[in-house]
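The structure appears right after this line, and notes come after that.
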Amino acid sequence: MIKNTYRLLLSTAVALSISGCSVLPFKKGKTATTTETNKSKSTDKDAIKPYNKVITDKAVSDSGLFTVHNIDSKYYYEIPDSLLNREMLMVTRIAKTANGIGFGGGKQNTQVLRWQRKNKQVLLRVVSHQVVASDSLPIHEAVENSNFEPVLYAFPIKAFNKDSVNGNNATVIEVTNLFKKDVKALGLPQNRRKQYKISKLDDSRSYIDTIRSYPLNIEARHVKTYIAAEPPSNASTGSISIEMSNSMILLPKNPMKRRYFDQRVGWFARGQVDYGLEAQKSETVRYLDRWRLEVREEDQEKFKRGKLVIPKKQIVYYIDRATPQKWRKYIKEGIEDWQVAFEAAGFKDAIIAKDPPSVEEDPDWSPEDVRYSVVRYLASPIPNANGPHVSDPRSGEILESDINWYHNVMSLLRNWFFVQTAAINPNAQGLAFKDEVMGRLIRFVSSHEVGHTLGLPHNMGSSVAYPVDSLRDPEFTKKYGTAPSIMDYARFNYVAQPGDGDVALMPNIGIYDKYAIMWGYKPILDATAEGEKKTLDSWILKHQDDPMYRFGKQQRGVIDPSSQTEDLGDDAVKASMYGIKNLQRIVPNLITWTAEDGKNYEDLKTMYEQVLGQYNRYMGHVTSNIGGVYEYYKTYDQEGAVYTHVTKANQERAMAFLQEQLFDTPEWLLEKNIFDKIESAGTIERIRKFQVRTLDNLLDHGRMARLIENEALNTKEAYTLLDMMGALRKGLWSELRSGKKTDVYRRNLQRAYIDRMEFLMTKEQPKIPENMRRWVVRTDVNASQSDIRAVVRAELNTLRRDARNAIARTLDRMTKYHLQDIVERVSLILDPKA
């Protein structure tokens, strides 16, 4: 256990939670019991009254963490004295929403609260664990004085319930206005209010739906109606109505022992600024989010001998009653797939899946009860699933998790499996998969989402661990799957080719997953959190040079090409070539594989667009190698650089691939038999968008800056900005040398090149939107003071000269008009005054 007592300070505590909750009716039939009453005779409406004058026989009461009373739609909390000053975590989520306003289960705010009695009031105070110092140190007083706990709400005390027999005294307050009024911390956050131009809350259209009390938590549902100038839907109302869920969870009296974070192993973590450390600065310490898995005292010797033991408290997931019967076993299998990983940590049966009790067996069982973690099956068109959790900010202990399983995740799985495997897999050559095929896909997603609830983030560095050709080997893939981690977005095996045999098509719980769970969960007995660090470091160093044990973070704005989403294998060019060959096999069969008598061609259009989307992913995987920089996390006791540039040869291969597979018109995608069934027009524009997306990505300020820096640091070994710009121009404008006709797709692409070059000549690097700054990774550069504009100007001058020379020898009239236009456009960029 943590030996030092840590004190709450600052303003809001961080805790991951996006779990969805269903609306349940208020528990009926329980009535309040009256004990010894307060003898006060005051007639003042704010005076403390006798208990039976406040909690009357009209009350419908619900006992739990607090006893909650509902009297004519007014809600009262009866707070036991033993829970005053105890820390509680409040998680605010969207429960039900309108179109365009988040999604059901979406977390809006989290904070630690305490209920404090002060004179004739109960104060609801906001506690922070962001800044701390041990209470045994002199600096503790300074930290405490600098971080006074703000009061979120003040409640007049209505009555006391004094239990002279058992000593369970309690304080009664009315909480109606806490949920009915505009308490911003319990409603929509400020960024949402700004987005929709919300001016105020409309009290007349806001109300409490339910407040339910459970042994360790209280669940409040309340509808908020805001006056909004720009609502995202139902604009004629001039307002937004949304149902909010507030979960108040009692935090453990004794926090779990922490395990400190290391960036070399992927983990959800939280941080504190600790002023009590020996470092000559304020230092942030980070620690893992994880379940409290402990060895029973009677099993400790057995555990030390390397024998598997059942933990004191298992991780148990219940399957929502709303889940279709035929899918339940697959979701359960996905949960219990993680047992093999926990065996690496020394536990058996550490995680299990159960059906919930029936209503007849336990009428009070509810998925909202924090004692139960539930896979929630939601009737929603969202094609997704997510696996969040709620954690104690003091220690990182995961208290519960609800996996949100949206019904339409099956359409997402169908589309992925079809477009990535149909070329080699008869089970994917259609739109209605057999139940066992869809069940296997559901199991795969279940395992992935459960991994998040255990504390593991996406490991995008996993999928590059295997040589590309090994993914075509049945024996290799049967043993290792398609990636060392199921937490990567290594969906399905698009590399395998017809004739390769019975290759694996998806990842399982892999080598990395077992290692990460071992690293995060294996108990190090008789050691403090600080004392564990040496052992944890040795576990990392044991596998430091093995790519199967590597963690690579998820990127928005890819700099490291070895840590991307949706990729497979250690060579993006080679893997993408295999992938394109399979797409070329799928396109001629799309009409046959999507056909069904009596249906229109909507599915044909959907699957053709899926082909285009997969094709676009391959272009992104390859593009990221140009100007790419690998990031391999290391510490001082490891040799080698953390950051290294992609080799010149690999960048040249990437550029050649883009020229051949994208910028040269991809004729194989232009299937007239498909177009005349799905649209009256749009093919040209669709191809243009795909080409321009990659072109703009290539001519990115940050990418160009990295190429400049690569040359400065690595000189002749570098792929330079001049190399990239010259190769791009020569490829995009190859018709200028050959005198060939330029088709409509190439003309559009060439105009897009001019537009992008004008942007680089006249605009600075765009600012990252404020709400995206914590997510987007990029290389910043001042374009006007870098080499970028000088190189762009030189390229435009060369292009204008070559275009002028080509006009005279061009026989095709449309091509001639196009080149004349290009010369004029370039001249306006280079000399706008003329």
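Inside segment 598-656, residues that are part of a loop (DSSP other than H, G, I, E, B) and farther than 22 Å from residue 587 by Cβ make up a count of 19.
When segment 310-349 is filtered for residues that are crowded, with 16+ Cβ neighbours inside 10 Å, touching a residue at least 60 places away in the same chain (Cβ under 8 Å) and among the aliphatic types (A, V, I, L, M), the ones remaining, listed by number, are 315, 331, 335, 341, 344, 345.
Sort out which residues of segment 184-208 are within 23 Å of residue 238 (Cβ to Cβ) and either more than 30 Å from the chain's Cα centre (by Cα) or part of a strand (DSSP E or B) (or both), and write them in order of number. Within segment 184-208, 198, 199, 200, 201, 202, 203, 204, 205, 206, 207 meet the criteria. Taken together, 68, 91 contain a single residue that is assigned to a strand (DSSP E or B) and at pLDDT 90 or above, which is 68.
Among the residues of segment 359-368, those identified as at pLDDT below 90, surrounded by fewer than 20 Cβ atoms within 10 Å (Cβ to Cβ) and not aromatic (Phe, Trp, Tyr) are 359, 362, 363, 364, 366. Within segment 217-230, the only residue that satisfies the criterion of being in contact with a Phe, Trp or Tyr (Cβ under 7 Å, 6 or more places away or on another chain) and touching a residue at least 60 places away in the same chain (Cβ under 8 Å) is 218. Looking across segment 610-652, the residues that are polar (S, T, N, Q), within 19 Å of residue 553 (Cα to Cα) and buried (at least 18 other Cβ atoms within 10 Å of the Cβ) come down to 623, 624, 625. Within segment 161-176, the set of residues being modelled with pLDDT of 95 or more and either not aliphatic (A, V, I, L, M) or not in a strand (DSSP E or B) (or both) comprises 171, 174, 175, 176.
What number of residues in segment 293-309 are in contact (Cβ under 8 Å) with a residue 40 or more places away in the chain and of a type in the set (Val, Ile, Thr)?
So the count comes out to 1.
Among the candidates 247, 233, the residue that is surrounded by fewer than 22 Cβ atoms within 10 Å (Cβ to Cβ), touching a residue at least 24 places away in the same chain (Cβ under 8 Å) and under 30 Å from residue 193 (Cβ atoms) is uniquely 233.
Taking segment 228-238 as the range and being assigned to a strand (DSSP E or B) and over 12 Å from residue 188 (Cβ atoms) as the test, no residue passes.
Cβ-Cβ contacts under 9 Å between residues 6 or more apart (or on different chains), taken from a first residue in segment 49-76 that is free of Cβ contacts under 8 Å to residues at least 40 places away in the same chain to a second residue that is in a loop (DSSP other than H, G, I, E, B) and of a type in the set (Phe, Trp, Tyr), are listed as 60/26. Number of residues in segment 351-391 that are over 19 Å from residue 210 (Cβ atoms), among the hydroxyl-bearing types (Ser, Thr, Tyr) and not in a strand (DSSP E or B) equals 2.
None of 320, 299, 349 is closer than 26 Å to residue 253 by Cβ and out of contact with any Asp or Glu (no Cβ under 8 Å at 6 or more places or on another chain) except 299. Could you please find all residues in segment 97-112 being at pLDDT 80 or above and surrounded by fewer than 21 Cβ atoms within 10 Å (Cβ to Cβ)? Listed by number, the list holds a single entry, 109. The residues of segment 657-699 that are assigned to a loop (DSSP other than H, G, I, E, B), modelled with pLDDT of 95 or more and of a type in the set (Asp, Glu) amount to a single one, 664.
Pull up segment 426-438, narrow it to residues that are surrounded by fewer than 19 Cβ atoms within 10 Å (Cβ to Cβ) and touching a residue at least 24 places away in the same chain (Cβ under 8 Å), then point me to the one that is farthest from residue 596 (Cα to Cα). Top of the filtered list is 435. Here residue 545 fulfils each of the conditions (1) in a loop (DSSP other than H, G, I, E, B); (2) under 12 Å from residue 461 (Cα atoms) apart from (2).
When segment 593-607 is filtered for residues that are under 34 Å from the mean Cα position of the chain (by Cα) and aliphatic (A, V, I, L, M), the ones remaining, listed by number, are 604, 607. Tallying residues that are surrounded by fewer than 11 Cβ atoms within 10 Å (Cβ to Cβ) and basic (Lys, Arg) within segment 762-788 yields 3.
In segment 533-545, the residues that are closer than 15 Å to residue 266 by Cβ and without any contact (Cβ under 8 Å) to a residue 12 or more places away in the chain never reach a residue that is hydroxyl-bearing (Ser, Thr, Tyr) and assigned to a loop (DSSP other than H, G, I, E, B) with C-beta atoms less than 6 angstrom apart, at least six apart or across chains.
Which one is nearest to the chain's Cα centre (by Cα), of the residues in segment 61-96 that are small (Gly, Ala, Ser) and surrounded by fewer than 21 Cβ atoms within 10 Å (Cβ to Cβ)? Residue satisfying both the conditions and the ranking: 64. Counting only helices (runs of 4 or more DSSP H) that fall entirely inside segment 392-486 and contain at least 3 residues that are more than 27 Å from the chain's Cα centre (by Cα) and within 27 Å of residue 499 (Cβ to Cβ), the qualifying elements are 474-480. Evaluated against (1) surrounded by fewer than 21 Cβ atoms within 10 Å (Cβ to Cβ); (2) in contact with a helix residue (DSSP H, G or I) (Cβ under 6 Å, 6 or more places away or on another chain); (3) farther than 14 Å from residue 446 by Cβ, residue 371 falls short on exactly one condition, (2).
Answer yes or no as to whether residue 552 is crowded, with 20+ Cβ neighbours inside 10 Å, under 23 Å from residue 341 (Cα atoms) and either touching an Asp or Glu at 6+ places or on another chain (Cβ under 7 Å) or modelled with pLDDT under 95 (or both).
yes
The combined condition, being crowded, with 19+ Cβ neighbours inside 10 Å, more than 27 Å from residue 460 (Cα to Cα), of a type outside the set (Gly, Ala, Ser) and modelled with pLDDT of 95 or more, is fulfilled by residue 590.
The values are calculated or read from the model by the stated rules, or taken from the named source; none is laboratory data. Quick caveat, the model's predicted, so the values are computed rather than measured. Counting neighbours? That spans all protein chains shown, and the Cβs are built from the backbone with ideal geometry, glycine included.
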